[in-house]
1. Being touching a Leu at 6+ places or on another chain (Cβ under 9 Å), modelled with pLDDT under 95 and not small (Gly, Ala, Ser) is the requirement here; does Val2 meet it?
2. Given the condition closer than 29 Å to Ser114 by Cβ, modelled with pLDDT of 95 or more and not in a strand (DSSP E or B), answer yes or no: does some residue in the range 28-41 qualify?
3. Out of the residues in the range 57-115 that are in contact with a Pro (Cβ under 7 Å, 6 or more places away or on another chain) and not in a strand (DSSP E or B), state the one that is least open to solvent (accessible area, probe 1.4 Å).
4. Residue by residue through the range 6-19, note down the ones that are open to solvent by less than 90 Å² (accessible area, probe 1.4 Å) and not charged (D, E, K, R).
5. Taking the range 25-49 on its own, how many of its residues are surrounded by 18 or more Cβ atoms within 10 Å (Cβ to Cβ), in contact (Cβ under 8 Å) with a residue 40 or more places away in the chain and not charged (D, E, K, R)?
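The values are calculated or read from the model by the stated rules, or taken from the named source; none is laboratory data. Worth saying up front: this structure is predicted, and the values here are computed from it rather than measured. Neighbour counts run over all protein chains shown; Cβ positions are idealised from the backbone, glycine included. The area values use the complete protein model at the heavy-atom level, side chains included, leaving out ligands, DNA and RNA. Shrake-Rupley method; radii C 1.70, N 1.55, O 1.52, S 1.80 Å.
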Amino acid sequence: QVQLVESGGGLVQPGGSLRLSCAASGGSFRLAAMGWYRQAPGKEREMVATITGDGNIIYADSVKGRFTIPRDNVKSMVALQINSLRPADTAVYYCNTNRLQLPFWGRGTQVTVSS
């Protein structure tokens, strides 16, 4: 059973930075694609960034140049470094992976950008 646990959310002022972390357990991590998604109040969940097992990365247009998605295969962790935060980035951020075509999600971590 795959388990994903996010951490690192919080309240930050516009222009600030946060680093979210996702710790994965169960199953093989090294070859697994990992992703970060977010869901703002009243909106659908959207992809933020994904990274494949061999390091190919896709970013949503809204976060390009501000977010990065490093992964640590030794620690079975994937992070989301978020810089130049904007109020529009306020959302619950979820870690995601798939195993045998089944999606697995963490419980999410809240990021609030406000002055």
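1. For Val2, the condition - touching a Leu at 6+ places or on another chain (Cβ under 9 Å), modelled with pLDDT under 95 and not small (Gly, Ala, Ser) - is met.
2. yes
3. Among those residues, the one meeting the criterion is Leu85.
4. Ser7, Gly8, Gly9, Gly10, Val12, Pro14, Gly15, Gly16, Ser17, Leu18
5. Going through the range 25-49 one residue at a time, the tally reaches 7.
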